[in-house]
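The values are calculated or read from the model by the stated rules, or taken from the named source; none is laboratory data. Since we're looking at a predicted model, the values are computed, not measured. Cβ sites come from the backbone with ideal geometry, for glycine too, and all protein chains shown count toward neighbours.
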Amino acid sequence: MSRACEYLKREEKYIGKTIGIRFYPIVVDRAEGSKIWDVDGREYIDFSSQWAVTNIGHNNPEVIEAVKKQLDRLVFSSHTTFPNTVAIELAEKLVEITPGEFEKKAWFGLTGSDANEFIYKVMPIYSGRRRLLGFQGSYHGQTMGALSLSGHKALTRFIGFPNTVKAPYPYCYRCPFKQSYPECGLLCIEFLENNVLENAPSEDLAAIIVEPIQSDGGVIVPPPEFIPRLYEICRDREISLVVDEVKVGFGRTGRFFAVEHSNVAPDAITIAKPMASGLPLSAVVGRAEIMDAASAAHLFTSSAHPVSCAASLATIDFILRENIPEKAAKTGAYILKRLNEVYEEHPLIGDVRGRGMILGVELVKDRRSKEPATFETACLVYRAYELGLLITYVGTYSNVVEITPPLTIRMEEVDKAMEIFEKALNDVEKGLVDKEKVKKFAGW
């Protein structure tokens, strides 16, 4: 029995299933750059960045050094009552780099869920309005307010709070209105403005929260005018616009923040996953009057942890100094080109899409009917793991392979990863994958 199997048996005995989404039987031992090694010594190329967390590579030396220095100076101080210098310095930096020339402030938490929970709790207090609007397919987090804002099937299976409303997101490959872009004139925005807001009156709507790219919803990149038009709707009706950058921020799309592609300055931005290169940290950066709307309304003992804040400052410095967004745009364009070449040869692929280094490959049983190839997607991800490549799947139908490598990945690693990807796809199409092994990892 492998060491991984031994550990997984121990995990099954002692750790509850509520914590896990699994795609293959891996147990990680160590990582560096774009590589991961499991407890049996097997090496993998990480094409996931652990859910887009390790944007500047696993165990980035500059982040490690910053963490070591902070550990020697101050391991912990609860910023709720005993402020630390590093958190204040990080807040200053975040206010500086986020879009918007208005006065801003920051709030700190631990995860993307609690950052979006902030939006759920504080926006009604700030505005005096009761309702909030999210989008179908969106994934904002696991806590009750955050999941109530969400439209992803993994979260809508729970009964959330009733003051949230959902609108269609521009999923052009599977348009709910059976239209084609751009001939549709972005009908989804018109529907939101003329139908959804009639049932959720704007005079009672505190905020609209949107992902500039829906990641867990299926790596859905909206048309370029979607966010600007949403912004105008919010401005016209005095509704706050909140952008969820938890997964797509910090250089991944080719800009530091994905919303910068739209030349829009939202009233608040939620950020988390990559901001501290793997240490637990989240933030909301928004208009000062929003952030000051209620005293002690959303606080956690370990918020603004000094070690995590030190890691975040080092992460930001590295991204800016090394022009990481520009590199991500270039490498992402290369991967997208390679994926489109694979698309031409493999009818199992229905669509390829993405921006920068968040890319999605949607698998279908038939390109005309677009029937989701859900189990085949699980087989592809599992087979890639067997061949030494770590990828995951997302989407409303669990049929979209998500590709989010570290933004620092070397081109020779990209080429190797693409070879493995196509080999795994070939094996799925030829029926060479052990379906019995895959069954326990199919569908989330």
- line: Reported set for the range 139-187 where residues are among the small types (Gly, Ala, Ser) and within 17 Å of Asp114 (Cβ to Cβ) is Gly141, Gly145, Ala146, Ser148, Ser150, Gly160
message: Please go through (1) among the aromatic types (Phe, Trp, Tyr); (2) part of a loop (DSSP other than H, G, I, E, B); (3) closer than 14 Å to Tyr44 by Cβ for Phe421 and return the number of the only condition it doesn't satisfy.
response: (2)
- prompt: Which condition number in (1) in contact (Cβ under 8 Å) with a residue 12 or more places away in the chain; (2) exposed (fewer than 15 other Cβ atoms within 10 Å of the Cβ); (3) in contact with a strand residue (DSSP E or B) (Cβ under 7 Å, 6 or more places away or on another chain); (4) not assigned by TED's automatic domain parsing to the domain that holds Arg235 is the one that Val361 fails?
  reply: (2)
query: Does any residue in the range 64-82 that is surrounded by 15 or more Cβ atoms within 10 Å (Cβ to Cβ) come within less than 8 Å, Cβ to Cβ, of a residue that is at pLDDT 95 or above and aromatic (Phe, Trp, Tyr) six or more places away or on a different chain, and which pairs are these?
result: His79/Phe108
message: Can you pull out every residue in the range 278-304 that is among the hydrophobic types (A, V, I, L, M, F, W, C) and either under 25 Å from Leu74 (Cα atoms) or crowded, with 19+ Cβ neighbours inside 10 Å (or both)?
response: Leu279, Leu281, Ala283, Val284, Val285, Ile290, Met291, Ala296, Leu299, Phe300, Ala304
query: In this structure, is Glu89 more than 24 Å from Ala276 (Cβ to Cβ), among the charged types (D, E, K, R) and assigned by TED's automatic domain parsing to the domain that holds Ser215?
result: no
query: Is at least one residue of the range 371-392 surrounded by 20 or more Cβ atoms within 10 Å (Cβ to Cβ), touching a Gly at 6+ places or on another chain (Cβ under 6 Å) and not in a loop (DSSP other than H, G, I, E, B)?
result: no
- prompt: What about Gly354, is it in the same structural domain as Gly41 (by TED's automatic domain parsing) and crowded, with 21+ Cβ neighbours inside 10 Å?
  reply: yes
task: From (1) in contact with a strand residue (DSSP E or B) (Cβ under 8 Å, 6 or more places away or on another chain); (2) part of a helix (DSSP H, G or I), pick out the condition that doesn't hold for Pro228.
output: (1)
message: For the range 177-197, which positions are loosely packed, with under 14 Cβ neighbours inside 10 Å and either assigned by TED's automatic domain parsing to the domain that holds Gly350 or not hydroxyl-bearing (Ser, Thr, Tyr) (or both)?
response: Phe177, Lys178, Pro182, Glu183, Gly185, Glu190, Asn194, Asn195
query: Take the residues of the range 113-160 that are of a type in the set (D, E, K, R) and under 16 Å from Ala200 (Cβ atoms): which is nearest to the chain's Cα centre (by Cα)?
result: Arg131
message: Just to check your reading of the model, which residue among Ala311, Ala333 is within 23 Å of Thr408 (Cβ to Cβ) and buried (at least 24 other Cβ atoms within 10 Å of the Cβ)?
response: Ala311
message: Kindly evaluate Pro228 against the criterion of being surrounded by fewer than 24 Cβ atoms within 10 Å (Cβ to Cβ), more than 30 Å from Cys172 (Cβ to Cβ), in the same structural domain as Lys93 (by TED's automatic domain parsing) and not basic (Lys, Arg).
response: no
message: Looking only at residues that are crowded, with 17+ Cβ neighbours inside 10 Å and among the hydrophobic types (A, V, I, L, M, F, W, C) in the range 155-176, which one is modelled with the lowest pLDDT?
response: Leu155
message: Every residue in the range 1-55 that is touching a Pro at 6+ places or on another chain (Cβ under 7 Å) and part of a loop (DSSP other than H, G, I, E, B), please.
response: Ser34, Phe47, Val53, Thr54, Asn55
